[in-house]
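The values are calculated or read from the model by the stated rules, or taken from the named source; none is laboratory data. Being a predicted model, the structure only gives us computed values, none of them experimental. Cβ sites come from the backbone with ideal geometry, for glycine too, and all protein chains shown count toward neighbours. All accessible areas refer to the heavy atoms of the entire protein, side chains included, with ligands and DNA or RNA removed. Shrake-Rupley method; radii C 1.70, N 1.55, O 1.52, S 1.80 Å.
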Amino acid sequence: MDNLDNNEIYLNNNKRSSELWQRAVDLFPGGISHNIRTWDFPKLGLYPPFIKKAKGAFLYTEDGQRLIDFWIGHYSNILGHTPDILIDAIVEATHEGTHFGTVNERALKLGEEIRKATPSIEQLRFCSSGSEATSYSVRLARGFTHRSLVVKMQGGWHGGNSQLFKDISPPFGVKYRGLVKDPNLISCSYNDIDEIKKCFEQFGDEIAAVILEPVLISGGVEAASKEFLQTVRHLTTKYGAVLIFDEVITGFRLSYSSAQGYFGVTPDLTCLGKIIGGGLAIGAYGGKKEIMAIANPENGESVWVGGGTFSGNPLSSSTGLATLNALKERGSAFYDTLNKTGEDFVKSIKDLVSDNSLPVKISGAASLMSINYNSLEKIKSKKTNLPNLNTFHQMSLINKGVFVRGGLGALSSEHKKDLLDHTLEALDQTFKEISSMLQ
Ligand SMILES: Cc1ncc(COP(=O)(O)O)c(C=O)c1O
């Protein structure tokens with residue numbers, strides 16, 4: 001089956017989405033409210049499928065197709081979509097009120113549980129997104145150190161906040177319109193010990209913070225080596241800079257003590273989001289008491305960091321707490337199984353790729369995984385009529401009942417063996433389609 005056949009199947013399967021997309025492009029610039037939600041399908045002359053509902057490991061499209069979902073709400077839904085415990089938590093909390101705009105015990109309980117679970121967090125604050133968490137963490141680090149320079153990693157995605165919007169994806173060095181040139185933000189290559197050492201040799205006394213994802217996710221699912229994390233920990237301590245782990249995705253995903261527990265390296269500040277809201281909007285940032293103390297407005301020269309209108313709202317706090325309680329109850333066996341399932345699944349995909357002699361990059365870390373075809377672009381460029389292969393891959397898989405992002409995505413506890421086997425069959429067919437297109 002080639003690109004045109006797949007396009008035709010997609011168009012046939014997604015007629016209502018086509019109608020909705022016409023309305024969306026008229027209303028929202030690009031048809032979306034988050035840039036990645038087009039799935040790049042306009043490049044194929046298509047549109048993304050509109051989703052009507054989600055349960056367990058499945059999304060259900062407006063046209064009635066059931067898709068095994070590896071995107072699981074931007075990686076948030078580690079227990080699958082809409083588990084009953086979340087419905088119960090929302091109903092129970094809603095009866096008492098959706099948002100008071102005041103201090104409340106539900107937020108307190110969630111915060112206490114996060115602190116108990118997370119080695120580095122002595123105090124924390126809530127906000128409503130991961131982008132806010134990373135933005136406020138950087139501000140705290142600058143306020144604490146009285147320095148300006150921030151180091152991030154190439155390929156690191158910390159949300160849309162302007163302070164960290166640099167070298168997001170290759171080719172690095174691209175300028176983004178609307179952003180002011182920021183001499184106080186530099187980037188280093190991920191997992192490159194020599195480069196980060198040189199960076200500290202050159203700028204050490206000026207560096208306020210290093211912010212990094214312990215597993216680079218948008219940048220291609222690459223786990224940090226323990227040696228790299230230990231080196232950055234050592235350098236930041238030596239030079240008096242703040243080490244910030246952006247655990248918005250890895251938090252409560254790699255283990256109940258997050259990536260910092262998994263790798264055994266403790267940051268000064270941690271950013272959280274996604275899983276800690278159990279599928280509702282949330283963010284949090286926290287860490288060493290002496291750093292967090294400067295957020296206290298009662299302290300003379302405090303640093304203004306906040307959380308906004310919906311911070312610590314009772315609904316997100318309740319769904320977050322229900323999720324953490326469920327994860328805690330299942331214990332380390334839950335993470336052992338999820339992570340092992342992810343690693344085995346990635347291995348099976350690598351086998352498929354080698355059976356199909358396709359030089360595709362498959363990467364994984366615990367229950368996170370990605371597939372990308374960037375290395376094939378050179379071969380492809382000789383065949384100018386071929387579609388972008390990463391985009392084609394997503395579309396071809398939807399036609400086979402599988403929904404992915406970044407080539408694949410993440411597992412939830414609902415991704416049982418039969419669904420993974422179905423996904424492997426779908427991937428095998430897609431790999432074969434791509435191989436034959438490249439002949
Ligand atoms: C590592 C990381 N940090 C921060 C963010 C931003 O979170 P949010 O989209 O909730 O603002 C994301 C979002 O995907 C992320 O992956």
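General remarks:
- Test: residue in the stretch 183-204 that is closer than 30 Å to GLY300 by Cα, assigned to a helix (DSSP H, G or I) and away from the ligand (no atom under 14 Å from the Cβ): yes
- Note on the stretch 289-309: residues that are under 21 Å from HIS158 (Cβ atoms) and within 16 Å of the ligand (Cβ to nearest atom) amount to 4.
- Members of the stretch 167-221 that are without any contact (Cβ under 8 Å) to a residue 12 or more places away in the chain and of a type in the set (Asp, Glu): ASP194, GLU195, GLU201
- Within the stretch 156-171, the set of residues being within 16 Å of the ligand (Cβ to nearest atom) and either assigned by TED's automatic domain parsing to the domain that holds TYR75 or farther than 19 Å from CYS271 by Cβ (or both) comprises just one member, SER169.
- The numbered conditions (1) among the hydrophobic types (A, V, I, L, M, F, W, C); (2) closer than 22 Å to LEU67 by Cβ; (3) open to solvent by 10 Å² or more (accessible area, probe 1.4 Å); (4) in contact with a helix residue (DSSP H, G or I) (Cβ under 9 Å, 6 or more places away or on another chain) are all true for LEU419 except (4).
- Near pairs, Cβ below 9 angstrom, 6+ apart or cross-chain, from the stretch 71-87 (closer than 17 Å to THR423 by Cβ) to any residue that is among the small types (Gly, Ala, Ser) and in a helix (DSSP H, G or I): HIS81/GLY73
- For the stretch 125-148, filtered to residues that are closer than 17 Å to ILE291 by Cβ and not in a helix (DSSP H, G or I), the residue that is most open to solvent (accessible area, probe 1.4 Å) is HIS146.
- Exactly one residue among GLY261, GLY312, GLY278, GLY286 is more than 12 Å from the ligand (Cβ to nearest atom) and either open to solvent by 20 Å² or more (accessible area, probe 1.4 Å) or free of Cβ contacts under 8 Å to residues at least 24 places away in the same chain (or both), and that residue is GLY261.
- Candidates ALA322, ALA293, ALA326 - the one that is modelled with pLDDT of 95 or more, closer than 24 Å to LEU140 by Cα and in a helix (DSSP H, G or I): ALA293
- GLU122 open to solvent by less than 60 Å² (accessible area, probe 1.4 Å) and acidic (Asp, Glu): no
- The criterion of being within 13 Å of the ligand (Cβ to nearest atom) and assigned to a loop (DSSP other than H, G, I, E, B) does not hold for VAL174.
Yes/no per residue for (1) assigned to a strand (DSSP E or B); (2) within 16 Å of the ligand (Cβ to nearest atom); (3) open to solvent by 30 Å² or more (accessible area, probe 1.4 Å); (4) not small (Gly, Ala, Ser):
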position	(1), (2), (3), (4)
SER33	no, yes, yes, no
ILE36	no, yes, yes, yes
PRO42	no, no, yes, yes
PRO48	no, no, no, yes
LYS55	yes, no, yes, yes
ASP63	no, no, yes, yes
ILE68	yes, no, no, yes
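- Identity of the residue in the stretch 158-172, surrounded by 20 or more Cβ atoms within 10 Å (Cβ to Cβ) and under 15 Å from SER137 (Cβ atoms), that ends up modelled with the lowest pLDDT: GLN163
- Against the list (1) within 16 Å of the ligand (Cβ to nearest atom); (2) open to solvent by less than 50 Å² (accessible area, probe 1.4 Å); (3) not in a loop (DSSP other than H, G, I, E, B), the condition THR236 fails is (1).
- Condition check for GLU222: modelled with pLDDT of 95 or more and away from the ligand (no atom under 16 Å from the Cβ): no
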